[in-house]
There are 2 protein chains.
Amino acid sequence: METTKTHIVHGGTLRYLKHDSATTGTSMTLSVFTPAGEGPFPVLIWLSGLTCTEDNFTTKAGAYKAAAEHGVIIVAPDTSPRGEGVADDPAYDLGQGAGFYVDATQAPWAPHFRMESYVTGELIDLIDAEFPTTKTRSIFGHSMGGHGALTLALRHPELFKSVSAFAPIASPTRCPWGEKAFTAYLGEDRAQWAKHDAALLIESGAAKGVFDDILVDQGDADSFLTDQLKPELLTAAAEKAGQGLTLRMQPGYDHSYFFMASFVDDHVAFHAERLKA
Amino acid sequence: METTKTHIVHGGTLRYLKHDSATTGTSMTLSVFTPAGEGPFPVLIWLSGLTCTEDNFTTKAGAYKAAAEHGVIIVAPDTSPRGEGVADDPAYDLGQGAGFYVDATQAPWAPHFRMESYVTGELIDLIDAEFPTTKTRSIFGHSMGGHGALTLALRHPELFKSVSAFAPIASPTRCPWGEKAFTAYLGEDRAQWAKHDAALLIESGAAKGVFDDILVDQGDADSFLTDQLKPELLTAAAEKAGQGLTLRMQPGYDHSYFFMASFVDDHVAFHAERLKA
């Protein structure tokens, strides 16, 4: 990994990094915050939403004060492979910046769009190899990245101690963003889609007995709430399966980083408690 | 004033606004955070550095949690007039985005570049008229905006309860950024420059008996430290004049918003204490 920028923030060290990924076949960028001290520290992975790079969370979420206090490393990868020779689409919700944290099986996406394997394999291994980690980790994210955090944790529960989300896409098989992306990346067979749908995974009992609670914050003034996000599908699924899940509807909050910055301390504390249990 | 965007953040309301300024003869943009509740609240004005708009501080500084806790309004104006018909320069350190918080006397800048009058007159009046303020206020800023905060407070001590700065240009008459901008905006007569030089104003006793303390944070890994910022000129001037001034050299920190985000809570608390005294 090559360090492209370094900043001291809240007493810890923030690095912007890039590396050649064997999984995506591209150069991938990310940021890593390490608290002061020698560690080892547990790791919290952040997955961003549509159109984001690693920079949005890094500069806007205000998460590093809590990370420094709790002694947690925070890793924020980019949201997709990018660059020349990588497929793209002019729409903001498909292609570069919109990887949806799945491994694409369809042309033209399959060669590079392998974000599930990247995050759950290469990225985790790289962080454990290059930083002083406890080799334990949790995951959280926003919107498309909330979907990513939930589905990666539910599909790979052995990798994560806890999971939380801000305004996640609760059920991509039942909203326009998800239907469009899954058709493109996974094809027409909806049976394949169901394997990457947080509400359906919870309903199937995927996380039962693994995650004691799943924390979800959602602004009630979020313009994507009723058409795309549908958090009520998460609570319904959790009730059906007997899965612990706390949905906090936050009055007046929208879909922006101002919403996330307002509650990120709670999420870092939620994960720190479980990472250190 | 027209509200262009509204977000709830940390329980308060953040507005992006624009208005036609009689002072600059242009449309001016700004952001205003108001805590929850009816107020009235004291006001803290933030002045940004070179190349910034109101958006950099608003999205990156992480100041609104402390502002909500202390019950303080935060106002962040743009750093210059902008738009068609407004003079500009291709360099990042002159013209649009680089107003230096002075009233230009020289062509082609004089018609619109009147940031001192804008901030100390029209902006303050507008905020007091449109928001539930106590009609008391303090001021802080970064780099060029740290110079702005210091010089506006020292030149108009009746308007402000307190002043602080992050990595301010301590003495624009003695650094390349200041020499270039003051030549352009104020002309060749260095006697005019001295009226807008924080270190020289402190040395002349401008703030003595007005501000009990002036808080300055400076990263010791700031790449502009020795050539442009020169905080030692502030401490020397303060010692000479018997002015209270606390310079905190912060080890490892650079010139970025990560530095400001790390210490902004201290600055908001510093001002809140004096605004409520």
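Nothing in this text is a laboratory measurement; each read-out follows from the coordinates by a stated rule. Because the structure is a prediction, the values reported are computed rather than measured. Note: ideal-geometry Cβ built from the backbone for every residue, glycine included; neighbour counts use all protein chains shown.
Of the GluC sites (Glu not before Pro) in region A:1-100, the ones in a loop by DSSP (not H, G, I, E or B) with at most 12 other beta carbons within 10 Å are A:Glu38, A:Glu84. What you get for region B:124-277, charging only the Cβ of Lys and Arg (+1) and of Asp and Glu (-1), is a dipole of about 340 debye around the Cα centre.
Taking the Cβ of each residue in A:Ser204, A:Ser138 as the centre, tally the other Cβ atoms inside 10 Å and list the residues starting with the fewest. Mind showing how you got there, number by number?
Details: A:Ser204 16, A:Ser138 25.
By the 10 Å Cβ count, ascending, the order reads A:Ser204, A:Ser138.
A straight line joining the Cα centroids of region A:1-68 and region A:139-201 runs 22 Å. Toward the positive end of the charge dipole of chain A, with +1 on the Cβ of Lys and Arg and -1 on the Cβ of Asp and Glu, the farthest Cα among A:Ala98, A:Ala61, A:Ala221 is that of A:Ala61. Looking at region B:61-128, the chymotrypsin sites (Phe, Trp or Tyr not before Pro) that sit in a DSSP loop and have at most 13 other Cβ atoms within 10 Å of their own Cβ are B:Tyr92. The same position B:Pro132 in the other copies lies at 4.9 nm from this copy, comparing label points 7 Å beyond Cα toward the beta-carbon, shortest first. Computed about the Cα centre, the dipole magnitude for the protein assembly as shown is approximately 660 debye when only Lys and Arg (+1) and Asp and Glu (-1) carry charge, each at its Cβ. In this calculation the C-beta distance from B:Asp55 to A:Ala191 is compared with R0 = 45 Å, giving a FRET efficiency of 0.50. Each copy carries a label point for A:Ser27 at 7 Å from Cα toward Cβ; from one copy, the others' points are 3.8 nm away, ordered from shortest. Neighbours of A:Lys65, meaning other residues whose beta-carbon lies under 14 angstrom from its beta-carbon, give a summed charge of -3 when Lys and Arg score +1 and Asp and Glu score -1. For region A:2-275, the Cβ-based charge dipole about the Cα centre amounts to some 260 debye (Lys, Arg positive; Asp, Glu negative; other atoms uncharged). If R0 is taken as 51 Å, the Cβ-Cβ distance between A:Asp212 and A:Thr13 corresponds to a FRET efficiency of 0.95. How much net charge surrounds A:Ser223 when only the other residues with a Cβ under 13 Å from the Cβ of A:Ser223 are counted, with Lys and Arg +1 and Asp and Glu -1? Once positives and negatives cancel, what remains is -3. Here is how far apart the A:Gly187 label points are across copies: 7.8 nm, shortest first, using a point 7 Å from Cα toward Cβ.
Looking at the P(r) of the protein assembly as shown, how many percent of alpha-carbon pairs lie beyond 41 Å? It works out to 28 percent of all Cα pairs. Take every pair of alpha-carbon atoms less than 8 Å apart whose residues are at least six positions apart; their mean separation over the length of chain B yields a relative contact order of 17 percent. Dipole of chain A computed with +1 at Lys/Arg Cβ and -1 at Asp/Glu Cβ about the Cα centre; of A:Ser262, A:Phe113, A:Ala181, farthest Cα towards the positive end is A:Ser262. Taking every full run of DSSP H in chain A, the ones that stretch at least 24 Å from end to end by Cα along their long axis and average 0.0 or higher on the Kyte-Doolittle scale are A:257-275.
Other residues lying with their Cβ under 9 Å from the Cβ of A:Leu275 contribute a combined charge of +3, Lys and Arg counting +1, Asp and Glu -1. Proximity of backbone amide H atoms, modeled 1.01 Å from N, is registered between B:Gly219 and B:Ala167, B:Gln250 at under 5 Å, excluding neighbours fewer than 5 places apart on the same chain. Nearest 500 deg cm²/dmol is fine: what mean residue ellipticity at 222 nm does chain B get from its DSSP H runs of n ≥ 4 alone, each adding -39,500 (n - 2.57), divided by its residue count? Counting only the DSSP helices, I get -8500 deg cm²/dmol.
Enumerate the residues in region B:151-172 having an amide nitrogen under 13 Å from the point lying 7 Å beyond the Cα of B:Gln106 toward its Cβ. Counting backbone N atoms under 13 Å from the label point, the list is empty. Counting, for every residue in A:256-263, the Cβ atoms of other protein chains within 10 Å of its Cβ and taking the mean gives 5.
Tell me the GluC sites (Glu not before Pro) within region A:187-252 that lie in a loop according to DSSP and have at most 10 other beta-carbon atoms within 10 Å.
Hits after loop and neighbour filter: A:Glu188.
Chain A residue nearest the rotation axis toward B, with distance: A:Gly62, 2 (Cβ to axis, whole Å).
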